[in-house]
Amino acid sequence: MKSQAIAQGPAAHAGPDTPRARDRAVKSATARPAVRRRPLLRLQQSIPRKVYVTLSILGFVLPLVAWELLSRSGLIDTMFLPTPGDVIEQGWTWAHSSLAQDTWASIVRVVSGFVLAACLGVPLGVFIGSFKAVEGFFQPINDFVRYMPAAAFIPLMILWVGIGEGSKIAIIFIGVFFQIIVMVADVVRQVPGSWLEASYTLGATRGEALRLVIWRGSLPPLINILRVNMGWAWTYLVVAEMVAANKGLGYAILQAQRFMNTSTIFAGILIIGVIGLLFDLFFRQLHRRLFPWLH
Amino acid sequence: MSDQILHIESVEKRYPDGRGGQQTVLDNVSLRVEPGEFVTVIGASGCGKSTLLRLVAGLEHAQGGVIRLGDRVVDQPGADRGMVFQHYTLFPWLTVKQNVMFSLELGANMRAIETESELSGLVDRAYALIEMMGLEDRRDHYPNQLSGGMQQRVAIARALLSRPRVLLMDEPFGALDAQTREVMHDLILQLFAVEPTTVMFVTHDVEEAAYLGDRVVVLAPHPGRIDGIHHMAWGREREPALKLDPEFTKVKGQLTERIRETSGMEADHKLIERMTALGRRMQGNAAR
Ligand SMILES: Nc1ncnc2c1ncn2[C@@H]1O[C@H](COP(=O)(O)OP(=O)(O)OP(=O)(O)O)[C@@H](O)[C@H]1O
Ligand SMILES: [Mg+2]
């Protein structure tokens, strides 16, 4: 193997013992060099971890560089497009005043609305997906309500629950609750009937089949549904904080708009993005922990 | 013992044919399976073998006739009739051990257990079954880490754990390659020698049916009905050499003949002959 790699000349440059070099050594013996790139673009095939991570970092860095260049080029007034440096500076000032408070207020709202929606939406979705009678009753009305824009409920929420925390949580709740129901019902319906039949022939009652087969079987996709909906909950935050808030990230963004403080708008959006990413990582990690057979 | 006889009496099963009418899938099927007997069911594809088994399992309801296990009428699935399906039905989120012990999580089985030692007896039994299936070093693996043959062995162990009175097997080895299947045959024979169980075993493999069964039931299609029941003359102790025995080969031929005749496969054979002739002509053309 080694002597072959050396004999191949150019292939030895990458060091004869890295997998890539070995790969190349074998490849160049059988195929033309042009084929080398193709392994990265094979349908649904995994690629080396190093390449993956590099691409992920590039995905962040390239837009950042583009932003930096664009804001410095003078093509766009910095009033509308601040430089990354401005945004960091503004973020720093914010960090020394009310950032912690704003962040905490927003997290509490998003998590409250989301948890409430999940606690009610998941069981309802499970029942809709399991029983045709429940589906018949809830699904059409749910599909109807689901298309109503959450923002349009703001005036109603103010009338009903006032301008306190309740209405803000309610907006986030409305934003994700109906989606969770549909998505959960869908994955529950996809639990193979043969699993259910197998459990029945082992002596399972309907309740046991629901608990031990349908619930357990749809748990992995269910965690993914929660992950996606947590993202959506954050997108409803700004809408929710349009309602008479005096702190919160969404509130700060709206406030900054009033004073043409684009740096703060950028900083706020980026911070929400980072927090969202952290929640996403949490759910991914949870998935890994809970469902080892899928990883 | 007589309270364990499986009686299938004049069962009739119809399905909607998709054009507003009804299609009779099983017509007046009667069969009596003695305790400890191994009955295999063969027949052409679509003749209603799975339907018959699913009726006994209680997963389907018949329009006519009655199925009785002992003195109880079968009207729903239950732990007294275990089933092994053709496709893999292990729960992917449970390990081999947990899959085999699944029935210990079910009230129906646990209510029957009165003492602590009975429970630990069942746990021991689970380990013993896993070992008998040659899976002791895979106990903590998940199903997606197992080959198809291993998965079916786990499914068999799972179905046997709570000692069902009847074990129903629907082409359990249908998806396995020929060699694995041969191994499974001898494993099954060994298993039931150690632990006599009433078995109804559906297959479309004539050799499998004759090698495993005490009796072989031939189902005829359109509508599904019993064409004949054949006693296998060889005793329970069977080994691979039997498959080469002239007597065995003869019976195999007879069974195949019955299936062919009842299913009107003559037409298929004519078609195959025509296609071979056609193929030869095309080869001739290509050579020229
Ligand atoms: N749920 C159903 N609805 C309508 N028709 C059905 C249904 N299940 C089975 N059938 C029909 O009943 C007939 C018998 O089906 P069954 O699955 O019992 O055959 P089989 O002998 O097991 O065939 P195979 O060897 O291919 O498994 C077929 O014609 C099939 O189309
Ligand atoms: Mg079948």
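If you go through segment A:208-231 one residue at a time, how many are surrounded by fewer than 20 Cβ atoms within 10 Å (Cβ to Cβ), within 14 Å of another protein chain (Cβ to nearest Cβ) and not aliphatic (A, V, I, L, M)?
Summing the residues that are surrounded by fewer than 20 Cβ atoms within 10 Å (Cβ to Cβ), within 14 Å of another protein chain (Cβ to nearest Cβ) and not aliphatic (A, V, I, L, M) in segment A:208-231 gives 6.
Can you confirm whether segment B:259-273 contains a residue that is modelled with pLDDT of 90 or more and either open to solvent by 40 Å² or more (accessible area, probe 1.4 Å) or among the hydroxyl-bearing types (Ser, Thr, Tyr) (or both)?
For segment B:259-273, residues modelled with pLDDT of 90 or more and either open to solvent by 40 Å² or more (accessible area, probe 1.4 Å) or among the hydroxyl-bearing types (Ser, Thr, Tyr) (or both): absent.
If I ask for residues that are within 16 Å of ligand 1 (Cβ to nearest atom) and either at the interface with chain A (Cβ under 8 Å from one of its Cβ atoms) or surrounded by fewer than 21 Cβ atoms within 10 Å (Cβ to Cβ) (or both), which ones from segment B:78-87 would you list?
B:MET83, B:PHE85, B:GLN86, B:HIS87
With (1) away from every other protein chain (no Cβ under 14 Å); (2) in contact (Cβ under 8 Å) with a residue 40 or more places away in the chain; (3) of a type in the set (Lys, Arg) as the list, and B:ARG153 as the residue in question, which single condition is left unmet?
(2)
Taking into account only those residues within segment B:27-66 that are open to solvent by less than 10 Å² (accessible area, probe 1.4 Å) and in a loop (DSSP other than H, G, I, E, B), which is farthest from ligand 1 (Cβ to nearest atom)?
B:GLY58
Can you list residue pairs whose Cβ atoms sit under 7 Å apart, with the first residue in segment B:43-63 being of a type in the set (Lys, Arg) and the second being open to solvent by less than 30 Å² (accessible area, probe 1.4 Å) and more than 8 Å from ligand 1 (Cβ to nearest atom)? Count only pairs 6 or more apart in sequence or on different chains.
Filtered contacts from segment B:43-63: B:LYS49/B:VAL41.
Residue pairs, Cβ under 6 Å, 6 or more apart or interchain, first in segment B:170-183 and in contact (Cβ under 8 Å) with a residue 40 or more places away in the chain and of a type outside the set (A, V, I, L, M), second in a helix (DSSP H, G or I) and within 16 Å of ligand 2 (Cβ to nearest atom). List them.
Within 6 Å, the pairs are B:ASP170/B:SER50; B:ASP170/B:LEU53; B:PRO172/B:GLN152.
State which residue is nearest to the other protein chains (Cβ to nearest Cβ) when the search covers only segment B:127-143 and only residues that are within 23 Å of the chain's Cα centre (by Cα) and not small (Gly, Ala, Ser).
Restricting to residues being within 23 Å of the chain's Cα centre (by Cα) and not small (Gly, Ala, Ser), the top hit is B:PRO143.
Looking at segment B:172-187, can you tell me whether even one residue there is within 14 Å of chain A (Cβ to nearest Cβ), crowded, with 20+ Cβ neighbours inside 10 Å and within 25 Å of B:MET101 (Cα to Cα)?
Checked against the condition, which is being within 14 Å of chain A (Cβ to nearest Cβ), crowded, with 20+ Cβ neighbours inside 10 Å and within 25 Å of B:MET101 (Cα to Cα), segment B:172-187 yields at least one hit.
Considering every residue within segment A:104-115, establish whether at least one is open to solvent by 100 Å² or more (accessible area, probe 1.4 Å), at negative phi and modelled with pLDDT under 95.
No; the residues of segment A:104-115 include none that is open to solvent by 100 Å² or more (accessible area, probe 1.4 Å), at negative phi and modelled with pLDDT under 95.
Find the helices (runs of 4 or more DSSP H) located wholly in segment A:127-194 whose residues include 1 or more that are open to solvent by less than 40 Å² (accessible area, probe 1.4 Å) and of a type in the set (Ser, Thr, Tyr), and list them.
Counting at least 1 such residues, we get A:165-189.
The values are calculated or read from the model by the stated rules, or taken from the named source; none is laboratory data. These numbers were taken from a predicted model, which means no experiment stands behind them. Backbone-built Cβ (ideal geometry, glycine too); neighbour counts: all protein chains shown. We work out accessible area using only protein heavy atoms, side chains counted, and drop any ligands, DNA or RNA first. Shrake-Rupley method; radii C 1.70, N 1.55, O 1.52, S 1.80 Å.
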